Amino acid sequence: MALFYKFLFFLILLLNFLISLVVFHFFHLFLLSLILYIILTIVLIEGFSHLIQESFQNHGNVFFRVFPIVSKIIERQSQKIDKLSLHRSNLLKVIENIKLGVLLVDSKNTVILSNSYISFIFGCNIEQGQSIIDGWKNYKVLALFDKFIKENFQKVEFEHKILKFNKISIENGYIIIIEDVTKEESYQAMKMNFFSNASHELKTPITSIVGYAETLLLNKDIDKKDQNKFLKYIYKNALNLNDLINNILQLAEIEHFKQSNDVLTDINVEALLSELNINHLLNSKSIEFIKECLIKTIHFNEYHLKTILNNLLDNAFFYTKEGYIKLKCYEDDSYYIFEVEDSGIGIEKSHQEKIFERFYKIKSKGSGLGLAIVKHLVLLYNGSIDLESTVGVGSLFRIKFPKKNE
């Protein structure tokens, strides 16, 4: 009979331990399960004190053999919980710092978790325990998520942003991942626009070259005067095509260029100005070219500075029939300043914000890339470019490079 009670005691003790493990597993509270285990054990000890006393007298060594085993089991479970807790902590850190909005929602549309990037995207956050449909403080965001729950859209424009939504179903709920793809979409649109404009600009000189060449090939009786005229047209369009291709390649190179001190040198500005491609200005009978340089040296990329000034002077020459074009270089305590002024046709207000865009032209001639190249190079060196222009009077482009770049 005593043996039966001993067996019953250990059976209840084991059941007690298993109950503690269940509590430990479902609530992840090791301390609570341990306390529960101790309390139940005390109750059992009090209830079976006479059996324990008898057991210790007859089989005391059994307890001391079982206890280390139980202790090791508890220790192992504790280590597992510590590892799980560490993994959970690391996972929460990743979710919190990832550049994506993350919302964990249960089957009743109640928010279980949201990261800080949600607030960055929408300008407001949603608290844990609130409904994803009506828990937002901003009515526009509230309307957006109400629409998302109903329509389950994947991409939407919201407050000048393009947002990509991804809904992942999980047990008893779902995860919403939100990505701001505004820059990517803008880049894609710019790329498509670039290729469209480039193909159009390339097609024009190619069509002319093919047309004149075909005329020469099919009409062998054309007199020498017309032949020379057509050959000049072919040559001129070939030069335009070459300039366009060079500008496209140059712009692509600049956009991928990474500034490095290895390509910066001390430049004698006066010597650099004498090497600019300005023969067309110097030989012009209707335009006076004025040069005023007060900068002795500048620490810069020589090729890029030449490109900036050449393009500005070419642009001024293109839009000036008569009068003057002035190049002025000077400095103050903080900046190196370069100005190109002309007495040309001037630029209307409606065009002034667009002239630095790729392929934008006021006249039909030209590649429309010169000023785009200038702007990219100026920004590459943390500079700024300003435009002052009056229709019928002329234009002034002013570029400022900070001396701290040195």
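The values are calculated or read from the model by the stated rules, or taken from the named source; none is laboratory data. These figures come from a predicted structure and were not determined experimentally. So basically every Cβ, Gly included, is an ideal-geometry build from the backbone, and we count neighbours across all protein chains shown.
So is Ser116 hydroxyl-bearing (Ser, Thr, Tyr), modelled with pLDDT of 75 or more and either in contact with a helix residue (DSSP H, G or I) (Cβ under 7 Å, 6 or more places away or on another chain) or outside the structural domain of Ile162 (by TED's automatic domain parsing) (or both) or not? Yes: the conditions hold for Ser116.
Check Val181 against each of (1) closer than 19 Å to Ile95 by Cβ; (2) of a type in the set (A, V, I, L, M); (3) modelled with pLDDT of 85 or more and name the one condition it does not meet. Failed condition: (1).
Here Phe153, Phe195 are screened, and the one residue that is assigned by TED's automatic domain parsing to the domain that holds Ile245 and of a type in the set (Phe, Trp, Tyr) is Phe195. Screening Ile121, Ile176 for residues that are more than 24 Å from Ile245 (Cβ to Cβ) and part of a strand (DSSP E or B) leaves exactly one candidate, Ile176.
In a loop (DSSP other than H, G, I, E, B) and not hydrophobic (A, V, I, L, M, F, W, C): does that describe Gln188? Criteria not met by Gln188. Listed conditions (1) surrounded by 20 or more Cβ atoms within 10 Å (Cβ to Cβ); (2) in contact (Cβ under 8 Å) with a residue 60 or more places away in the chain are all met by Tyr335, apart from (1).
Of the residues making up region 339-352, those that are within 32 Å of the chain's Cα centre (by Cα) and not charged (D, E, K, R) are Ser350, His351, Gln352. Looking at Val156, Val141, just one residue is under 23 Å from Ser186 (Cα atoms) and part of a helix (DSSP H, G or I), and that residue is Val141. Of the residues making up region 120-133, none is in the same structural domain as Ala238 (by TED's automatic domain parsing), modelled with pLDDT under 85, surrounded by fewer than 15 Cβ atoms within 10 Å (Cβ to Cβ) and of a type in the set (A, V, I, L, M, F, W, C). I'd like the full set of residues that are closer than 18 Å to Tyr117 by Cα and in contact (Cβ under 8 Å) with a residue 24 or more places away in the chain, limited to region 146-157. Lys155 - this is the single residue of region 146-157 that is closer than 18 Å to Tyr117 by Cα and in contact (Cβ under 8 Å) with a residue 24 or more places away in the chain.
Which residue, of Leu244, Leu239, Leu217, is surrounded by 15 or more Cβ atoms within 10 Å (Cβ to Cβ) and not small (Gly, Ala, Ser)? None of the other options fit; the residue is Leu244. A search for C-beta distances below 8 Å between a residue of region 380-393 that is without any contact (Cβ under 8 Å) to a residue 12 or more places away in the chain and any residue that is part of a strand (DSSP E or B) and of a type outside the set (Phe, Trp, Tyr), counting only pairs 6+ apart in sequence or on different chains, returns Glu388/Ser395; Glu388/Leu396; Glu388/Arg398.
The residues listed here are Leu217, Leu244; of these, the one that is assigned to a helix (DSSP H, G or I) and at pLDDT below 80 is Leu244. When you check Ile308 against the structure, is it in a loop (DSSP other than H, G, I, E, B) and modelled with pLDDT of 80 or more, yes or no? No, not satisfied. Applying the condition of being among the charged types (D, E, K, R) and assigned to a loop (DSSP other than H, G, I, E, B) to region 220-241 and asking which residue is farthest from Ala372 (Cα to Cα) yields Asp221. Name the pairs: first residue in region 355-378 and on the phi > 0 side of the Ramachandran plot, second residue at pLDDT 75 or above and surrounded by fewer than 21 Cβ atoms within 10 Å (Cβ to Cβ), Cβ to Cβ under 6 Å, at least 6 apart or on different chains? Nothing qualifies.
Checking each residue in region 394-406 for being over 20 Å from Ile295 (Cα atoms) and either within 30 Å of the chain's Cα centre (by Cα) or exposed (fewer than 14 other Cβ atoms within 10 Å of the Cβ) (or both) picks out no residue at all.
Taking region 304-332 as the range and being under 23 Å from Thr265 (Cβ atoms) and in contact (Cβ under 8 Å) with a residue 40 or more places away in the chain as the test, the residues that pass are His304, Thr307, Ile308, Asn311, Leu312, Leu327, Cys329, Glu331.
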